[in-house]
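The values are calculated or read from the model by the stated rules, or taken from the named source; none is laboratory data. Fair warning: this is a prediction, and the values are worked out from it, not measured in the lab. Note that we place each Cβ from the backbone using ideal geometry, even for glycine, and neighbour counts take in every protein chain shown. Quick note on the areas: whole protein, heavy atoms, side chains included, nothing else; ligands and nucleic acids left out. Shrake-Rupley method; radii C 1.70, N 1.55, O 1.52, S 1.80 Å.
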Amino acid sequence: MKSKKYVRVDKERCVACGACVKECQRNAIMIWKGCYAKSDESICVGCGKCALICPAGSIEVLQREGSNE
């Protein structure tokens, strides 16, 4: 069962510092081709810890389609 939330990274704002990768306990985020962070929505539970630690403010927590929470 997928979580009701997930995160999305704005690759234009991401500085690929890796802070979010270190913060994610589920290994749902990686630095893609050395350029920006990318989240795996099938693993992400939307806890938002990565968004809180992101120095560039490039990560947002979103509700999945059909989720009422």
Low-density loop positions, trypsin sites (Lys or Arg not before Pro), the range 1-53 - DSSP coil, at most 14 other Cβ in 10 Å
LYS2, LYS4, LYS11, ARG13, ARG26, LYS33
Work out, step by step, the length gained on full extension between GLN25 and GLU60: first 0.36 nm times the residue separation, then minus their alpha carbon distance; give nm to one decimal.
10.9 nm
Putting +1 on Lys and Arg Cβ atoms and -1 on Asp and Glu Cβ atoms, find which of CYS14, ASN27, PRO55 reaches farthest to the positive end of the dipole of the chain.
ASN27
Using a 1.4 Å probe on the protein chains only, how many percent of the accessible area of the chain belongs to carbon and sulfur?
49 percent
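Taking only protein heavy atoms and a 1.4 Å probe, what accessible area per residue, in Å², does the chain have with all protein chains in place?
Working: 4810 Å² over 69 residues.
Per-residue value: 70 Å².
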